[in-house]
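The next block holds one structure in the form of structure tokens; read it before the comments.
The values are calculated or read from the model by the stated rules, or taken from the named source; none is laboratory data. Since we're looking at a predicted model, the values are computed, not measured. Note: ideal-geometry Cβ built from the backbone for every residue, glycine included; neighbour counts use all protein chains shown.
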Amino acid sequence: MKLRVSENQRFILREDGLPFFYLGDTAWELFHRLDRDEATHYLRTRAQQRFTVIQAVVLAELDGLRVPNSYGAVPFHDLDPARPNEDYFRHVDWILERAASLGLTIGLLPTWGDKFNCKWGQGPEIFTPANAEAYGEHIGRRYRDYPLIWILGGDRQMEQPQHFAIVRAMARGLRNGDGGRHLMTLHPMGGHSSSGCFHEDSWLDFNMLQSGHGERNTPNWNMITADFKRQPAKPCLDGEANYEDHPINWKPENGWFDAHDVRQTAYRSLLAGACGYTYGCHDIWQFWQPSRKPISAARTPWRAALELPGAWQMQHVRAFFEKPEWLRLSPDQAVVLSETGVGGEHIRAARASDNAFAWVYLPQGGEVRINVAQLGACMTAAWYDPRTGATRSGDTVSGTPTLRAPTADDWLLSLRNCAKEGA
């Protein structure tokens, strides 16, 4: 499946022109740590949960150049990118083919960032602009016919001219290798966006930010808003937000991010203008199991973590947004007349360009006052449950009504213009 950016530069589309909802999962160590049976179990489960993109790294973070994969192979002979180990890449091939058979797109990182900027991590730094371009061209050609999105970077900012040169060279190599068949973005360090370094680069088809794991209610909607306003316009999304089952600010004593955290991060970013969202689970990215040393207090074996409630609830995010009418949506806080709040109380709103509908997310239930008069003479209200995907019908409203969510949980209010029902 070939993907492209919409004409208004806000969304990702399929070949048939329908919206592609980027619902990602961070499976960074997929190629490095899982054997084929394990990879099949993981991919099947995420497909059942209706994920669309699996973000995984060819040259993985956890000493991926020197610690072999499940079949005893390392990526290169003598740590030389010009000497790929065919045994290692055949395993990558197999997983890509398995993912494609399940309808999944791989968000493929050619390398983690410590392989060119080992500010932290295990490295070693092996890339120069020259061998980065050659490596990019090699894997670009190898994977040109697979359903994938290229993701450069790998949790790093560009701090020296050499870093910029390496990333741009690798992007150039990928384009030469795959003939421009795939979209391309960059995964930055926490608290940053790809737009900070490469927004005007022609190879960067859409922006990816990382709101990270430092606190509950990190205002990723502000980061999305900043990217949404940039010119030239490009789609944007949060490619690494708070992971389910991750200790808050890496400290178990602070508690753990849960399903509510990942739901509200998703809905608020989408109503701020994002073209999708990447869910993540702390136990999954590293595929932790008791035989492995846990990274940052991982506590749930990965097979069990696959079934966490937040992962299953992501399908309802996709079900609500991935429809043709989504392409008419733009963020608009003016829909809400009451205070939109801060932190955990922050409400986000958006409306259709033709005022046919408006959507409002209430992260903690409660009341919200709506400017129906701005949208049309009257609107029919309904409440969408982010936990189950069920909808509760509401009343027909007009003027500036105050509406109350069914419970104190998070809810998505859907308003439809009475004069444009079915539009």
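Here is a check on your reading of the model: is residue 306 over 24 Å from residue 220 (Cα atoms) and in the same structural domain as residue 235 (by TED's automatic domain parsing)? Spelling it out, residue 306 is indeed over 24 Å from residue 220 (Cα atoms) and in the same structural domain as residue 235 (by TED's automatic domain parsing). No other residue among 343, 365, 376, 389 is in contact with a helix residue (DSSP H, G or I) (Cβ under 9 Å, 6 or more places away or on another chain) and closer than 26 Å to residue 279 by Cβ apart from 389. For region 134-169, filtering for residues that are part of a helix (DSSP H, G or I) and farther than 21 Å from residue 90 by Cα leaves 9. Among the residues making up region 147-183, those that are among the aliphatic types (A, V, I, L, M) and out of contact with any helix residue (DSSP H, G or I) (no Cβ under 6 Å at 6 or more places or on another chain) are 148, 149, 151, 167, 171, 183. Restricting 375, 329 to those that are surrounded by 20 or more Cβ atoms within 10 Å (Cβ to Cβ), under 30 Å from residue 27 (Cβ atoms) and without any contact (Cβ under 8 Å) to a residue 60 or more places away in the chain reduces the list to 329. Residue count for region 233-263, restricted to those that are of a type in the set (Val, Ile, Thr), farther than 21 Å from residue 347 by Cβ and within 19 Å of the chain's Cα centre (by Cα): 0. When region 332-349 is filtered for residues that are among the small types (Gly, Ala, Ser), farther than 25 Å from residue 235 by Cα and free of Cβ contacts under 8 Å to residues at least 60 places away in the same chain, only 341 remains.
As for region 364-371, it holds at least one residue that is over 25 Å from residue 262 (Cα atoms), basic (Lys, Arg) and assigned to a strand (DSSP E or B). Based on this model, can you work out whether residue 297 counts as buried (at least 17 other Cβ atoms within 10 Å of the Cβ), in the same structural domain as residue 26 (by TED's automatic domain parsing) and either among the hydroxyl-bearing types (Ser, Thr, Tyr) or touching a strand residue (DSSP E or B) at 6+ places or on another chain (Cβ under 8 Å) (or both)? No: the conditions fail for residue 297. Taking helices (runs of 4 or more DSSP H) as the structural unit, those lying wholly within region 193-275 and holding at least 2 residues that are under 28 Å from residue 299 (Cβ atoms) and out of contact with any Pro (no Cβ under 7 Å at 6 or more places or on another chain) correspond to 259-271. Taking the criterion of being among the hydroxyl-bearing types (Ser, Thr, Tyr) and over 30 Å from the mean Cα position of the chain (by Cα), the residues of region 347-399 that qualify are 380, 393, 396, 398.
Residues being among the hydroxyl-bearing types (Ser, Thr, Tyr) and assigned to a helix (DSSP H, G or I) are represented in region 45-59 by at least one member. Scanning region 73-103 for residues that are surrounded by fewer than 14 Cβ atoms within 10 Å (Cβ to Cβ), in contact (Cβ under 8 Å) with a residue 40 or more places away in the chain and touching a strand residue (DSSP E or B) at 6+ places or on another chain (Cβ under 9 Å) yields one hit, 82. For region 174-186, a residue qualifies if it is over 14 Å from residue 163 (Cα atoms) and not in a loop (DSSP other than H, G, I, E, B), and the qualifying residues are 174, 175, 176, 177, 178, 184, 185.
Of the residues making up region 378-413, those that are outside any loop (DSSP other than H, G, I, E, B) and free of Cβ contacts under 8 Å to residues at least 24 places away in the same chain are 391, 392, 393, 394, 395, 396.
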